[in-house]
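Beneath this line is the structure, given in structure tokens, with notes to follow.
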Amino acid sequence: MSHSTPLPVTSKKTWLVPLLSLLVGGALMGISTNLAKVAGELALTPLAFLGWSIMEAAIILMTVAAWRHTLPPLTRRTVEYYGIAALVGVAGPNLIFFSAVPQVGAGFVVLTISLPPLLTYLGALALGMERFNILRAMGVVAALAGAAVLALKQLSAPDADAFWILLALVGPVLLAIGNIYRTLRWPSGVNADALAPGMLIAATIMLMATGFLPYFSLQVPLDNPLPLLLIGLQAVVFAGQFLLLFILQKTGGPVLLSLLGSVGSVVGVPVAVYFQGETPPQGLLMGAGLIGLGVVLVSLGKAKRASS
């Protein structure tokens, strides 16, 4: 079994892999949230859509890991890692987000996913995982300001559902905790190809166990093939998203990783507006511009630190 260090890159190009992982992974995150709305229209419960698609994504990544001889190792440390990372980074926040989509719209949920950067950055600074860098700090503030502009406009709407809005805001807190935890407790010598499927298997177990609780259902409508096709599509999106998440985690660190949601909002909001028929959020141009500026500044800060 291979335990090589993930993604050895040269110092001159150390910014390229994390930047591409950020852009593609964020785009997949924005698409994923919009697919959750389509699932609701096909009578798929949030748990059923999330649980079965996560299970299929785990199978995809396990197949890739077996082919590359990087199967997830089973030790006390890695089992702990899979379980906690799955709870705060996959099962918990995604179940919240997928449940909130039918209530507050995919556009708003995508926006909430862009909120973890400040929490992640402050946590990383407090734990000594990051040194203060003015460019990265400005980038995080810009991205957070952009998300705040969009989110506050949504909250001020006369028909806003306060309960679901507040519940949706719990998800970013879990994501920020997950961003820090995965970096802080990354098992030594284990690469992203092994950790991603291990985490998804743990998330699958949690979600399937949730299906036995009252008011939760894993049932999939079988009167037409569309729900199964949608679950398969979501599984492919999840497989790519979480593999890129671990690559970005290792090469870019928790703060750059936290901007996945900001990129997701830039992609996900237009998809919700133009393909899902949702009303465009007020302040979209300003918010998206600030988020884009934040991604650029944090990436520049990462590149400058790596080259120094």
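Just so it is clear, none of the values below were taken in a lab; they were calculated from the coordinates. If you're wondering where the values come from, they're calculated on a predicted model, not measured in any experiment. Note: ideal-geometry Cβ built from the backbone for every residue, glycine included; neighbour counts use all protein chains shown.
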Residue-normalised 222 nm signal for the chain, counting each DSSP H run of n ≥ 4 as -39,500 (n - 2.57), nearest 500 deg cm²/dmol, is -24500 deg cm²/dmol
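Rounded to the nearest 0.05, what FRET efficiency is calculated for LEU74 and LEU285 with R0 set to 41 Å and r the Cβ-Cβ distance?
Values: r = 49 Å, r/R0 = 1.20.
The pair LEU74/LEU285 has a calculated efficiency of 0.25.
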Here the longest stretch of the chain that holds no chymotrypsin sites (Phe, Trp or Tyr not before Pro) in a DSSP loop having at most 10 other beta carbon atoms within 10 Å is 1-131
Quick calc: nm separation of the 7 Å Cα→Cβ label points for TYR274 and MET138 -> 3.1 nm
Over its alpha-carbon atoms, the chain yields an Rg and a Dmax in Å of 18.5, 60
Taking 0.36 nm per residue of separation between VAL64 and ASP161 and subtracting their Cα-Cα distance, the length gained on full extension comes to 30.7 nm
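Considering all projection directions equally, how large on average is the shadow of the alpha-carbon convex hull of the stretch 163-211, in square nanometres?
Working: hull surface 17.8 nm².
So the mean shadow area of the Cα hull is 4.5 nm².
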Here the gain from full extension of ARG131 to THR210, 0.36 nm per residue of separation minus their alpha-carbon distance, amounts to 24.5 nm
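Would you work out the charge dipole size for the chain about its Cα centre, treating the Cβ of every Lys and Arg as +1 and the Cβ of every Asp and Glu as -1, and quote it to the nearest 20 debye?
Here the size comes out at about 1300 debye.
Which of the trypsin sites (Lys or Arg not before Pro) found in the stretch 125-173 are loop residues per DSSP with 13 or fewer other Cβ atoms within 10 Å of their Cβ? Walk me through the numbers on the way to the answer.
Numbers: sites: ARG131, ARG136, LYS153; in loops: ARG131.
Within the stretch 125-173, the qualifying trypsin sites (Lys or Arg not before Pro) (loop, at most 13 other Cβ atoms within 10 Å) are ARG131.
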